[in-house]
Amino acid sequence: MRTGSLPSSPHRALSVLLVEDSEVDAELIIQELRRCGYDITCERVQTAGAMEAALERGPWDLVLSDYSMPAFSATAALGILQRLNQDLPFIIVSGTIGEETAVSALKAGAHDFLAKGRLARLGPAIERELRDAEERRQRRQLKHLLDQQAASFRALFEGNPLPMWVYELETLQFLAVNDAAVRLYGYSRDDFLAMRITEIRPAEDVPALLANLAQRRDNWEHSGDWRHRTKLGQVIDVEVKSHRLPFNGRSGVLVVVHDVTERKRLEAQFLQAQKMEAIGRLAGGIAHDFNNLLTGILGYCDLLLVDLPEGDPRRDDLEEIKRGGEHAAGLTRQLLAFSRKQVIAPRVLDLNAIITDTCRMLGRIVGEDVEIHTGLAEDVGHVSADPGQMSQLLVNLVVNARDAMTDGGKLTIETNNVQLDEHYASMHLAVVPGPYVMLAVSDTGCGMSPEVQARLFEPFFTTKEPGKGTGLGLASVYGIVKQSRGNIWVYSEPGRGTTFKIFLPQVDAPLTETPKLAAPVKGQTAATILVVEDNPALEKLTCRILRRIGYTVLSASSAEEALQISGAHKGPIDLLLSDVVMRGESGPALANQLIAQRPRLQVVHMSGYTEDAIVRHGVITVSTAFIEKPFTPDVLTQKVQEALSGRRA
Ligand SMILES: Nc1ncnc2c1ncn2[C@@H]1O[C@H](COP(=O)(O)OP(=O)(O)OP(=O)(O)O)[C@@H](O)[C@H]1O
Ligand SMILES: [Mg+2]
């Protein structure tokens, strides 16, 4: 069996480490090797130390070793070779060797053994062992390459920034998970490997998952949007891609996960903002028209009431019409606030002062079984807002809180300075980083479901019985906050209560002085007033009210016409009473031109509505006298008198 042919190509180089104490035997072996055609390089060693030193110097093609020597042995030599991890052919060439010894030498790792008396076998044995050693070397190299490749692929999986795992098709058991999954879900690798994929879903989503898996029997390429649950119970939105992957002999599915929670949240915020914008535009348009109509209805009611004698039974009917009109005017005002089309007079103000003022009447609103607590930061920064709007906002929030605490509870109003940073801004649409004043109104009431929270700020959204709520309270709060360039967020849990947080940008400016109103002066009816209004009914009504008092009234339906009339009028004009938004040139622009011609002219603007731009650009300022539509004859008269009494010098 162990015979083979002689080496086919003679004179091949062979470096042999010879472990042999007998010089004569060594010579015989070398001669035999030469006879076989090897070109021998050889070193003879007889001790462990000498062998180690020789191996160190290497490289060697093979080791030929005597079995036992006075100071060394084949088994000891083999031990050294193995310890140094050198896989060289090791052939024992011994004078005497019993069968059992030979077998145990082979077991210990020797590749062959032969008797010194039968050296003819040496050539073929070496030939074969060199070939085997070469094969072993190649296999080792291949395995090394495969190991390296496997490590790189494992790194692709383990170190991938996207969470990934493989689960078993039949059992739904996790078979492997990567680091990103461990980080995102909070489970350790061992936790995962003891779980099934159903365990990272909200319980209510599991049936849908199982149904989906059942459908996928034929086609395992899947991508879809799912909700997952982390170890802490947080629900996250994920986009998942998966496909079949045989894994360690099991039928696996590879899943790659993309966490889109943050993106979804911002998208939802964006959609919500867009929706509010659209409803706002609609509501603002309606409110504008209603305002003009209501000014007419209420105005003519008042004129009639003046004409009808006391005791006339028709007065009651008129009062009814008037009450209805006033109620409608209140709703219209809320709608305008929501659509941010309310004409406002922003001032630099101290929110704490407004809260303290408003709190005096809040006690009356909330009733006895609600405790009111305030926590107002002493150094709270200034904000720019309309004081009337701010107290309206506070009242709306407080009324809601009261309605939520039917069995009493605690109402807390707080202010604080806060810095909203880049991180916060990146998480909240429409937030500009910077210093803000936070106003928080909290209650311990019934709280709200997520569904109610989602629609809270929509106009006419109410959960209250018909007649109890119009659903305009929070819509107008929303509009007021937005018009003041602020943001509002709600935190609520059913049964736990609600907190509304409003952030208004801080302004670095001193408080606006309250303008002193000049006392109305009687007997200025000799004045001439130019009325400019593009709504014919309102123009007529306004002129009628003013003429009835005794003023001389000129009227125009546009800025252009007003300029012509002023140009043609030889006498003085004391007051311009003009609408703000008109076809053609705006009221404020007209006022500027007329003042240039008539420096003593007083100006009063009237509007129920204005484009944001006019307010934002400060055309309507605190110092501009202003009448909000719808107005009553009394208010009109009073404003006109005030303006005339402060005549420009
Ligand atoms: N503090 C709160 N606690 C619980 N639910 C609230 C709270 N504030 C508002 N809500 C819910 O939001 C809905 C809308 O509130 P909003 O103030 O806009 O309208 P409303 O109070 O129903 O009517 P309106 O204010 O016009 O009289 C309410 O019907 C209620 O369901
Ligand atoms: Mg309300």
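The values are calculated or read from the model by the stated rules, or taken from the named source; none is laboratory data. If you're wondering where the values come from, they're calculated on a predicted model, not measured in any experiment. Here Cβ is always computed from backbone atoms with ideal geometry, including for glycine, and neighbour counts include all displayed protein chains.
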**Request:** Look through 78, 88 and report the one residue that is hydrophobic (A, V, I, L, M, F, W, C) and farther than 19 Å from residue 134 by Cβ.
**Result:** 78
**Message:** Here is a check on your reading of the model: is residue 225 modelled with pLDDT under 95 and of a type in the set (D, E, K, R)?
**Reply:** yes
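Residue by residue, here is whether (1) within 16 Å of ligand 1 (Cβ to nearest atom); (2) of a type in the set (Asp, Glu); (3) over 26 Å from residue 291 (Cα atoms); (4) within 35 Å of the chain's Cα centre (by Cα) holds:
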residue: 313; (1), (2), (3), (4): no, no, yes, no
residue: 334; (1), (2), (3), (4): yes, no, no, yes
residue: 343; (1), (2), (3), (4): no, no, no, yes
residue: 349; (1), (2), (3), (4): no, no, yes, yes
residue: 371; (1), (2), (3), (4): yes, yes, yes, no
residue: 386; (1), (2), (3), (4): no, yes, no, yes
residue: 396; (1), (2), (3), (4): yes, no, no, yes
residue: 410; (1), (2), (3), (4): yes, no, yes, yes
**Asked** Checking residue 512 against (1) in a loop (DSSP other than H, G, I, E, B); (2) away from ligand 2 (no atom under 12 Å from the Cβ); (3) over 23 Å from residue 352 (Cβ atoms); (4) polar (S, T, N, Q), which test does it fail?
**Response** (3)
**Prompt:** Do the conditions hold for residue 233, that is, is it out of contact with any His (no Cβ under 9 Å at 6 or more places or on another chain), surrounded by fewer than 15 Cβ atoms within 10 Å (Cβ to Cβ) and within 26 Å of residue 156 (Cβ to Cβ)?
**Reply:** no
**Fill in**
Result of the Cβ filter at 8 Å on region 402-428, keeping first residues that are assigned to a helix (DSSP H, G or I) and partners that are small (Gly, Ala, Ser), at least 6 apart or interchain, is 402/367; 403/445; 403/469; 404/445; 404/447; 404/497
**Message:** I'd like to verify a number: residues in region 528-552 that are in a helix (DSSP H, G or I) and surrounded by 18 or more Cβ atoms within 10 Å (Cβ to Cβ), how many?
**Reply:** 6
**Complete:** Here the residues within region 490-509 that are under 25 Å from residue 382 (Cα atoms) and part of a loop (DSSP other than H, G, I, E, B) are 508, 509
**Message:** Step by step: first the residues of region 573-599, then only those that are assigned to a loop (DSSP other than H, G, I, E, B) and within 15 Å of residue 625 (Cβ to Cβ), then the one that is modelled with the highest pLDDT. Which residue is that?
**Reply:** 574
**Message:** Looking at the structure I just gave you, is residue 253 within 30 Å of residue 429 (Cβ to Cβ), surrounded by 14 or more Cβ atoms within 10 Å (Cβ to Cβ) and in contact (Cβ under 8 Å) with a residue 24 or more places away in the chain?
**Reply:** no
**Complete:** Here the qualifying pairs (Cβ atoms under 8 Å; residues six or more apart or on different chains; first in region 451-479 and under 19 Å from residue 394 (Cα atoms) and in a loop (DSSP other than H, G, I, E, B); second hydroxyl-bearing (Ser, Thr, Tyr) and more than 6 Å from ligand 1 (Cβ to nearest atom)) come out as 457/478
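This table checks each residue for (1) aliphatic (A, V, I, L, M); (2) within 19 Å of residue 55 (Cα to Cα).
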residue: 104; (1), (2): no, no
residue: 107; (1), (2): no, no
residue: 110; (1), (2): yes, yes
residue: 118; (1), (2): no, no
residue: 123; (1), (2): no, no
residue: 128; (1), (2): no, no
residue: 133; (1), (2): yes, yes
residue: 137; (1), (2): no, yes
**Lone qualifier among 193, 172, 162 - being touching a strand residue (DSSP E or B) at 6+ places or on another chain (Cβ under 8 Å) and in contact (Cβ under 8 Å) with a residue 60 or more places away in the chain** = 162
**Request:** Please work out if residue 448 is more than 17 Å from residue 366 (Cβ to Cβ), within 8 Å of ligand 1 (Cβ to nearest atom) and not charged (D, E, K, R).
**Result:** yes
**Item:** Within region 377-413, considering residues that are away from ligand 2 (no atom under 16 Å from the Cβ) and more than 19 Å from residue 437 (Cα to Cα), the one surrounded by the most Cβ atoms within 10 Å (Cβ to Cβ)
**Value:** 409
**Item:** Enumeration of residues in region 453-470 that are within 6 Å of ligand 1 (Cβ to nearest atom) and closer than 15 Å to residue 275 by Cβ
**Value:** 456, 461
**Asked** Do we find a residue being more than 21 Å from residue 545 (Cα to Cα) and touching a His at 6+ places or on another chain (Cβ under 9 Å) anywhere in region 562-573?
**Response** no
**Fill in**
Only unsatisfied item for residue 374, checking (1) of a type in the set (S, T, N, Q); (2) loosely packed, with under 15 Cβ neighbours inside 10 Å; (3) free of Cβ contacts under 8 Å to residues at least 12 places away in the same chain, is (3)
**Asked** Does region 490-508 hold any residues that are within 13 Å of ligand 1 (Cβ to nearest atom) and of a type outside the set (Gly, Ala, Ser), and which are they?
**Response** 490, 491, 493, 494, 496, 498, 499, 500, 501
**Residues satisfying the stated conditions in region 469-496, i.e. under 23 Å from residue 408 (Cα atoms), touching a Ser or Thr at 6+ places or on another chain (Cβ under 8 Å) and within 16 Å of ligand 2 (Cβ to nearest atom)** = 469, 470, 471, 490, 492
**Prompt:** Looking at region 295-330, which of its residues are aliphatic (A, V, I, L, M) and at pLDDT 85 or above?
**Reply:** 297, 298, 303, 304, 305, 308, 318, 321, 328, 329
**Message:** Condition first: among the acidic types (Asp, Glu) and in contact with a helix residue (DSSP H, G or I) (Cβ under 6 Å, 6 or more places away or on another chain). Can you find one or more residues in region 437-456 that meet it?
**Reply:** yes
**Message:** What's the number of the only condition in (1) in contact with a helix residue (DSSP H, G or I) (Cβ under 9 Å, 6 or more places away or on another chain); (2) away from ligand 2 (no atom under 16 Å from the Cβ) that residue 367 fails to meet?
**Reply:** (2)
**Extreme residue, surrounded by the most Cβ atoms within 10 Å (Cβ to Cβ), among residues of region 71-108 that are over 20 Å from residue 126 (Cβ atoms) and in contact (Cβ under 8 Å) with a residue 40 or more places away in the chain** = 72
**Message:** Whether any residue in region 488-496 is crowded, with 20+ Cβ neighbours inside 10 Å, modelled with pLDDT of 90 or more and touching a Gly at 6+ places or on another chain (Cβ under 7 Å) is what I want to check.
**Reply:** yes
